[in-house]
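*Asks:* Pasting in a structure now, in structure tokens, and then I'll have a few things to ask.
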Amino acid sequence: MNGGFDALKLSRLDYIFKPKTMAIVGVSLKNPLFAGNIIYNKNLFEYPVEIHAVNQKGGYLEGHQVYTKLNDVPVDLDLVVLMIKAKLVPEALKNCGEIGAKSVIIGSGGFSEKGERGKELEKELLQISDKYDLPFMGPNCIGIHSQYCDTFILPSERLATPPHGNVAVISQSGGFLIDQIFSKFHERQIGIYAAANIGNKAMINDITLVKYFSLEPEVECIVIYNEGFKENSGKQLIEFAKIYDKDIILIKGGKSRFGARAALSHTASLATNKKILSSSFRQAGVIEAISESELVSFTKVISFGLNTIEGDIVILSISGGHGVLAADLAAYYDLNLVEFTEEQKKKLRDSVSPVIADIGSFENPIDLTGSVMDKDVENCLDQLLQFNNVKGIVILLVPYVPTITMQIGRRLSNVVQSRNPQIPVVAYCPWLSIYGIIIKGLEMNRRIPVAHTIEEAIQMMRGLYLKGMKKKKRKIVDFKRRNLGSFYEKRF
């Protein structure tokens, strides 16, 4: 069934991510904090979807009727969310099929992640799904978040929701999705188009959603948290990534012996050979992050749509210590620094005030010192953007010095926009509320993404470098496509 979903039209997943009508089976008439109630209330008051509640006792919630059976809901249902005990799910799923529901999210746990009995229940779900041609997500998941509905079992006031954007997220873990992705994407203002927690992914899995999101014109980047692949889904993902134009950023859990054991009990995911898998990802152009910090940094810079790095970079700092640390980090992440010619050094000195020209350092990293003014940084950046051997620039702003104004962000963004927007520029600036105007200025026109730390700024450049590696591989794949003709189309 994992591979069988390809036989269905991917557009049917619109019923999950863009439902017009939905029902929650499993609400409480007494406990407002019950998972089903949280989903019901959130969608009733905050989302455009028409929502209905089902409880065998009937009654009212928030002034609306609670139906005793799905059959009694007076509208055709695009989506049904099941928040009931595992043993009751098969019959409820069968009921969904009988009434013609278009899709289902199974939030309940207690399936393949809990042993043989749970595995048998999960197999039964697949049989019912197959009989009624009914796609479902889960079990053991929190479902989806989109502009149209939200099935996460958290009240909105407890959830740090990112702004709307061009990133689609697929996560096997609901906790990782909420804490490591949503919270950090919200903090760094990384926009999300939609997100899904697929749990045990008995039917709808990673590759299903990658293919679905690949058809969405608003999606430019897909982020995946994965604990293990089932059957041939890993191979399918790798093969699809080879011909997919948009970026896929993946972080893999369960690589170690202990992590693999935890993944097995968490989502029933089996371990795979980490070295072989990572090598396959690289060959396919999948950008693999090894930490949540890399995941956030890679996603932010790639979501900005900056060009890739296919050469050496420059570190432009107003603090010597920051520059030294950034240079070490660049070496750690296999990024090379530009070696300036004497003529280039002279042009850089001539671009700044006599004071900075005298006390600054114009090697790489460049140190303009704490005596710098806005115009010095502007002019130095403008000059760097004219050098043919500069393929990327990292700006390290330390705006504590009084000679730097709150307009520095806007000024630097304008320089990039007017001089050479083709060269990627990223920045570090202390992510403090008092410097919010600087950060907004830098990110104006989506020209200069801002990192929280020096390392994150270097990680952003690493992300663009890895994206560039995919671009090189794309040329090879396109060549094969042209020369293999129908064989290529048949294979992929």
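*Asks:* Pick out the one residue from L79, L134 that is in contact with a Ser or Thr (Cβ under 6 Å, 6 or more places away or on another chain), surrounded by 17 or more Cβ atoms within 10 Å (Cβ to Cβ) and closer than 18 Å to D14 by Cβ.
*Replies:* Numbers: L134 fails: in contact with a Ser or Thr (Cβ under 6 Å, 6 or more places away or on another chain).
Result of the check over L79, L134: L79.
*Asks:* What single numbered condition from (1) in contact with a Cys (Cβ under 6 Å, 6 or more places away or on another chain); (2) in a loop (DSSP other than H, G, I, E, B) fails to hold for T161?
*Replies:* That leaves (1) as the condition not met.
*Asks:* Those residues that are in a helix (DSSP H, G or I), basic (K, R), more than 27 Å from S278 (Cβ to Cβ) and modelled with pLDDT of 60 or more, I need them from segment 442-492; list them, please.
*Replies:* R446
*Asks:* Among the residues of segment 426-438 satisfying the criterion of being touching a helix residue (DSSP H, G or I) at 6+ places or on another chain (Cβ under 8 Å) and either crowded, with 23+ Cβ neighbours inside 10 Å or at pLDDT below 95 (or both), which is nearest to I313 (Cα to Cα)?
*Replies:* V426
*Asks:* Further question: Only one of S293, S297 is assigned by TED's automatic domain parsing to the domain that holds A168, at pLDDT 95 or above and under 11 Å from M461 (Cα atoms); which?
*Replies:* The unique qualifying residue is S297.
*Asks:* Would you confirm whether any residue within segment 12-35 is among the β-branched types (V, I, T), in the same structural domain as Y132 (by TED's automatic domain parsing), touching a residue at least 60 places away in the same chain (Cβ under 8 Å) and surrounded by 14 or more Cβ atoms within 10 Å (Cβ to Cβ)?
*Replies:* yes
*Asks:* Here is a follow-up. Name the residues in segment 212-232 that are in a loop (DSSP other than H, G, I, E, B) and among the aromatic types (F, W, Y), would you?
*Replies:* Selection gives F229 alone.
*Asks:* Sticking with this one: If we scan segment 416-433, do we find a residue that is free of Cβ contacts under 8 Å to residues at least 24 places away in the same chain and not in a loop (DSSP other than H, G, I, E, B)?
*Replies:* Yes, that holds for at least one residue.
*Asks:* Could you say which residue among E218, E187, E157 is farther than 30 Å from E98 by Cα, in contact with a strand residue (DSSP E or B) (Cβ under 7 Å, 6 or more places away or on another chain) and surrounded by fewer than 19 Cβ atoms within 10 Å (Cβ to Cβ)?
*Replies:* Within the list E218, E187, E157, the selection yields E218.
*Asks:* For the structure I just gave you, tell me whether Y60 is surrounded by 14 or more Cβ atoms within 10 Å (Cβ to Cβ) and of a type in the set (S, T, Y).
*Replies:* Details: surrounded by 14 or more Cβ atoms within 10 Å (Cβ to Cβ): no; of a type in the set (S, T, Y): yes.
It is false that Y60 is surrounded by 14 or more Cβ atoms within 10 Å (Cβ to Cβ) and of a type in the set (S, T, Y).
*Asks:* Could you check how many residues of segment 117-155 are among the small types (G, A, S), touching a helix residue (DSSP H, G or I) at 6+ places or on another chain (Cβ under 7 Å) and assigned to a loop (DSSP other than H, G, I, E, B)?
*Replies:* Matching residues across segment 117-155 total 1.
*Asks:* State whether the residues of segment 157-164 include one that is in contact (Cβ under 8 Å) with a residue 60 or more places away in the chain and not basic (K, R).
*Replies:* Checked segment 157-164: no residue is in contact (Cβ under 8 Å) with a residue 60 or more places away in the chain and not basic (K, R).
*Asks:* Moving to a separate point now. Residue check: is L209 at pLDDT 95 or above, in a helix (DSSP H, G or I) and not aromatic (F, W, Y)?
*Replies:* yes
*Asks:* Need the failing condition index for A101 against (1) buried (at least 21 other Cβ atoms within 10 Å of the Cβ); (2) of a type in the set (A, V, I, L, M, F, W, C); (3) touching a helix residue (DSSP H, G or I) at 6+ places or on another chain (Cβ under 7 Å); (4) at pLDDT 95 or above, just the number.
*Replies:* If we test A101 against (1) buried (at least 21 other Cβ atoms within 10 Å of the Cβ); (2) of a type in the set (A, V, I, L, M, F, W, C); (3) touching a helix residue (DSSP H, G or I) at 6+ places or on another chain (Cβ under 7 Å); (4) at pLDDT 95 or above, just (3) comes out false.
*Asks:* A further question follows. S171 - would you say it is in contact (Cβ under 8 Å) with a residue 60 or more places away in the chain and surrounded by 18 or more Cβ atoms within 10 Å (Cβ to Cβ)?
*Replies:* no
*Asks:* Can you pull out every residue in segment 400-414 that is surrounded by 18 or more Cβ atoms within 10 Å (Cβ to Cβ) and over 29 Å from the mean Cα position of the chain (by Cα)?
*Replies:* Hits for segment 400-414 are I404, I408.
*Asks:* Are there any pairs, at least 6 apart or on different chains, whose C-beta atoms fall under 6 Å, with the first in segment 332-353 and in the same structural domain as M461 (by TED's automatic domain parsing) and in contact (Cβ under 8 Å) with a residue 60 or more places away in the chain and the second surrounded by 11 or more Cβ atoms within 10 Å (Cβ to Cβ) and of a type in the set (K, R), and if so, which?
*Replies:* Here the result reads Y333/R462, each pair linking segment 332-353 to a residue that is surrounded by 11 or more Cβ atoms within 10 Å (Cβ to Cβ) and of a type in the set (K, R).
*Asks:* Please count how many residues of segment 4-28 are at pLDDT below 95 and closer than 26 Å to K87 by Cα.
*Replies:* 2
*Asks:* Across segment 190-203, which residue is surrounded by the most Cβ atoms within 10 Å (Cβ to Cβ) among those that are modelled with pLDDT under 95 and among the aliphatic types (A, V, I, L, M)?
*Replies:* Taking the candidates together, the pick is A202.
The values are calculated or read from the model by the stated rules, or taken from the named source; none is laboratory data. Keep in mind the model is a prediction, meaning the values are calculated, not measured. Every residue, glycine as well, gets a Cβ built from its backbone with ideal geometry; the counts of neighbours run over all protein chains shown.
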